[in-house]
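These notes are about the structure you will find just below.
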Amino acid sequence: MARTQTKGQLVVHLDPRVGLEAILLNRWERLPPNRRQEWLRNLLVQGFRAECQLLRAGNEGSRRTVPTAFTQWLTEAAAPPPAPEIPVVTPTTHVAENTTKPFAALRKVIG
């Protein structure tokens, strides 16, 4: 196995017009400057591990897989967002004690 240098530099130019790359750039800009390098390193390592797992799973099975893990995510149909649960409120009707004064029941509410 070939030995690699312990330090290296990697330059990647991201295009803000590409959706996923724009998301990455926005997230990177929101991070504090002292955390940016760590975040990028972690992102790169996680992506590489996912790629290796995908390739390893492709070699074990007979089905051909897409060589990049995130392309399957891009081509999948988007799941509809879950519907928010709205509590059902049933209005209660108060019967006025005196029908000649329609706003007499408000005296209990207002005080």
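Listing for the model above:
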quantity: Filter result (charged (D, E, K, R) and modelled with pLDDT under 90) within the range 18-35; calculated: Glu21
quantity: Given (1) under 20 Å from the mean Cα position of the chain (by Cα); (2) modelled with pLDDT of 85 or more, number of the condition Glu38 does not satisfy; calculated: (1)
quantity: Single unsatisfied condition, Ala57 versus (1) at pLDDT below 60; (2) surrounded by 10 or more Cβ atoms within 10 Å (Cβ to Cβ); (3) of a type in the set (Gly, Ala, Ser); calculated: (1)
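The values are calculated or read from the model by the stated rules, or taken from the named source; none is laboratory data. Keep in mind that this is a model prediction, so the values were computed, not measured. With ideal geometry, Cβ positions are generated from the backbone for all residues, glycine too; neighbour counts draw on all protein chains shown.
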